[in-house]
Amino acid sequence: YNADLPYVIRQLAAFAEMTWDVTDRFQLTAGGRFYDFEEVRQFNSGGLFSNGDNNIDETSSSGFTPRFIASYEVADNVRVNAQVSKGFRLGGVNDPLNEGLCSAQDQIDYGGFDRYDDETLWNYEAGVRSRFGPVSFNAAAFYTDISNLQVTADAGSCSSRVVFKADAHTMGLGFELNARPVPGLDLSIAGSLIEAEFDETRLKQNGQVLEGIREGNRLPSVPRFQLAASAFYSFPIGAGEDEAYVGATFQHVGS
């Protein structure tokens, strides 16, 4: 089996943003991005296990993604902010199934997904940034509402990859703490706790769940918990400006 997939991708975009200083401590920001995509793809396949495909597919999309930010300095070196923003990822066309390798049932279960829609999301976020002498602390909480999440999965016996769509959400907390208690010594710790789940269930023709896309199932490749810590100490060498440092890091990434 062999395949050749040349792409031609064109994108026109324009971005603008404006900030209004309501007071010395309170700012409002509004921005947006206009986009216009056009993608043309040719799909040629050959070899013993191919369909002998020679297809030309076209995908196009245009739209506007806004962003709004409110920022308030509650005290010197302590600032809170809130943000609402929209994200976008272009849809597309799935590769044809390798019908010669597909079982009859897999042709039924995985056929008919010729195209997948644009993926969009709304992100809602609030956070704080602060500094107290040699110590800085930042934290944020967020929630994202995802429509038509593009989920890539194997198509059973067909030796093909198919992109499915499913609604989903993520929400979580993240923080970072940095300190320099004495000259030359830098300490840091950062972590996150995230829930990322499907919000709908997709079924095959026989009623079984399609590729794990079940409401409440965790999204693949998104760890629930992450933590990283480091300590570095730098010191001068000799009479010049040369420096050396020693350090250690620790990192944990959940399942």
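The values are calculated or read from the model by the stated rules, or taken from the named source; none is laboratory data. Note that the structure is a prediction, hence the values are computed from the model and not measured. Note that each Cβ is placed from the backbone with ideal geometry, even for glycine, and that neighbours are counted across all protein chains shown. Heads up: the accessible areas ignore ligands, DNA and RNA and are worked out on the full protein's heavy atoms, side chains in. Shrake-Rupley method; radii C 1.70, N 1.55, O 1.52, S 1.80 Å.
Residues checked against (1) open to solvent by less than 50 Å² (accessible area, probe 1.4 Å); (2) within 27 Å of the chain's Cα centre (by Cα); (3) without any contact (Cβ under 8 Å) to a residue 40 or more places away in the chain:
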site: G46; (1), (2), (3): yes, no, no
site: F49; (1), (2), (3): no, no, no
site: I56; (1), (2), (3): no, no, yes
site: R67; (1), (2), (3): no, yes, no
site: A70; (1), (2), (3): yes, yes, no
site: R79; (1), (2), (3): no, yes, no
site: V93; (1), (2), (3): yes, yes, no
site: L97; (1), (2), (3): yes, no, no
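Yes/no per residue for (1) out of contact with any helix residue (DSSP H, G or I) (no Cβ under 6 Å at 6 or more places or on another chain); (2) more than 30 Å from G47 (Cα to Cα):
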{"residue": "N81", "(1), (2)": "yes, yes"}
{"residue": "C102", "(1), (2)": "no, no"}
{"residue": "Q105", "(1), (2)": "yes, no"}
{"residue": "D109", "(1), (2)": "yes, no"}
{"residue": "F113", "(1), (2)": "yes, no"}
{"residue": "W122", "(1), (2)": "yes, yes"}
{"residue": "D145", "(1), (2)": "yes, yes"}
{"residue": "N148", "(1), (2)": "yes, yes"}
{"residue": "S159", "(1), (2)": "yes, no"}
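Across the stretch 18-73, the qualifying residues are those that are among the small types (G, A, S) and modelled with pLDDT under 95, and the one among them that is nearest to E99 (Cα to Cα) is S50.
The set of residues in the stretch 231-255 being open to solvent by less than 100 Å² (accessible area, probe 1.4 Å) and in a loop (DSSP other than H, G, I, E, B) consists of I237, G238, G240, G254. Restricting the search to strands (runs of 3 or more DSSP E) fully inside the stretch 1-72 and requiring at least 2 residues that are under 26 Å from D118 (Cβ atoms) and basic (K, R) gives 26-46.
Among the criteria (1) touching a helix residue (DSSP H, G or I) at 6+ places or on another chain (Cβ under 8 Å); (2) closer than 30 Å to E39 by Cβ; (3) not aromatic (F, W, Y), the one N206 does not fulfil is (2). Restricting the stretch 74-105 to residues that are of a type in the set (D, E, K, R) and modelled with pLDDT under 90 leaves a set whose member that is farthest from F164 (Cα to Cα) is E99. Can you tell me which residue within the stretch 201-221, out of those that are assigned to a loop (DSSP other than H, G, I, E, B) and of a type in the set (K, R), is nearest to A155 (Cα to Cα)? Among them, the one singled out is K204. Against the conditions (1) buried (at least 18 other Cβ atoms within 10 Å of the Cβ); (2) within 17 Å of I213 (Cα to Cα), F113 satisfies every one except (1). Looking only at residues of the stretch 201-230 that are within 24 Å of D106 (Cβ to Cβ) and of a type in the set (S, T, N, Q), we find that the one that is surrounded by the most Cβ atoms within 10 Å (Cβ to Cβ) is N217.
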